[in-house]
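Just below is one structure, and these are the notes that go with it.
The values are calculated or read from the model by the stated rules, or taken from the named source; none is laboratory data. Small disclaimer: the values here were computed from a predicted structure and weren't measured. Every residue, glycine among them, receives a Cβ derived from its backbone with ideal geometry; neighbour counts consider all protein chains shown.
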Amino acid sequence: MAFPAERPRRLRATPVLRALARETTLKVSDLVMPFFVRPGQGIKKPIVSMPGQFQFSPDALVHAAGEAQAAGIPAVLLFGIPKKKDARGSGAYAKDGIVQQAARLLKSRFPKLLVIADLCFCEYTDHGHCGIVKPDGVIDNDATLKLAAQTAVAQAEAGCDVIAPSGMMDGQVSAIRKALDSSGHEMTPILAYAVKYASAFYGPFRDAAESPPKFGDRSTHQMDPANIREALREAALDVAEGADMIMVKPALPCLDVLAAVRNQSTVPVAAYCVSGEYSMLKAAAANGWLDEKRAVLESLIAIKRAGADFIVTYHAGEAARWLA
Ligand code: PBG
């Protein structure tokens, strides 16, 4: 008898055999493209810490989102940078807030493009925190929920197809669900950032959204990266509160969490491959240290293999081209 008897290499011998044996696939329809929108006209301002990413004015966003849709990307996730920030983040829930303006325009031009609205206050508050801050510096959970509810309704009214609360306030999903239901938006799904760690990998995003906290950090509401049981609890809570889909964030540093959440949940599970993950690969590629295409596609397939049903990623535009 030949030795060894088991030869896993047999199925690696040709591209055809490898394709037949492949367990996980990555498709352009798995990808959600995040965009940053700011007031103005004709603006496409490069984000220095995220090469290849931009802040767009709504008219310029139409062009970029149109290209994304033409490349097969089914959905975009919108972040807003308001004209003026204030203590209560009023730009988030204003009827003519920047995300609301952009959503109206996008939906009028591309009715089939799924527009997901990120819902948080850190981009809208002058102190850069994710909610109302009490005089003692603590974030007021329940006061923030009221504004979150208002924001969700404003976003749904502007045509946003999915509301994605990312503030990690307790009870935010049920507060938003109630507000949507009582304003005629009972069919608007919630994609909850259920498991969101206080991660250093959001660094470039804070540049992009002009949202770094002016004092303190986010570790009283975002999760400790050391914890996984807590992640399962957060995921279960959000589903119990009515989340239609849940998200784990960041992605590559949390593949174990993603797999565990996937095993425990029957709702769709998304992963957010965040700004720092993007910029790391961009920086390494720019130096010639990594093959960008291979490194990006390997990262994205690993995120799917770990259990993501879809992936929010700044690589979406380029990945769409590579997958075509
Ligand atoms: C909150 C929010 C953040 C990100 C998405 N939503 C920033 C934060 O929590 O500090 C980070 C995304 C990224 O790094 O790409 N509005």
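Structure summary
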| item | result |
| --- | --- |
| Single unsatisfied condition, residue 132 versus (1) without any contact (Cβ under 8 Å) to a residue 24 or more places away in the chain; (2) touching a helix residue (DSSP H, G or I) at 6+ places or on another chain (Cβ under 9 Å) | (1) |
| Selection count where residues are among the aliphatic types (A, V, I, L, M) and either surrounded by fewer than 17 Cβ atoms within 10 Å (Cβ to Cβ) or away from the ligand (no atom under 16 Å from the Cβ) (or both), scope segment 116-144 | 2 |
| In segment 176-198, residue farthest from the ligand (Cβ to nearest atom) [restricted to those that are more than 20 Å from the chain's Cα centre (by Cα) and in a helix (DSSP H, G or I)] | 181 |
| Per-region count, segment 267-294, residues within 23 Å of residue 170 (Cβ to Cβ) and either over 20 Å from the mean Cα position of the chain (by Cα) or among the hydrophobic types (A, V, I, L, M, F, W, C) (or both) | 5 |
| Pick from segment 4-44, criterion within 29 Å of residue 277 (Cβ to Cβ) and either within 16 Å of the ligand (Cβ to nearest atom) or modelled with pLDDT under 95 (or both), ranking: surrounded by the most Cβ atoms within 10 Å (Cβ to Cβ) | 37 |
| Test: residue in segment 97-105 that is part of a helix (DSSP H, G or I), surrounded by fewer than 21 Cβ atoms within 10 Å (Cβ to Cβ), of a type in the set (A, V, I, L, M, F, W, C) and over 19 Å from the mean Cα position of the chain (by Cα) | yes |
| Scope segment 52-71; condition in contact (Cβ under 8 Å) with a residue 40 or more places away in the chain and over 18 Å from the mean Cα position of the chain (by Cα); matching residues | 58, 59, 62, 66, 67, 71 |
| Residues of segment 162-174 satisfying the condition of being surrounded by fewer than 22 Cβ atoms within 10 Å (Cβ to Cβ) and either of a type in the set (Lys, Arg) or over 13 Å from residue 246 (Cα atoms) (or both) | 170, 171, 174 |
| Residue count, segment 199-226 (criterion: more than 8 Å from the ligand (Cβ to nearest atom), closer than 20 Å to residue 255 by Cβ and either assigned to a loop (DSSP other than H, G, I, E, B) or of a type in the set (Lys, Arg) (or both)) | 3 |
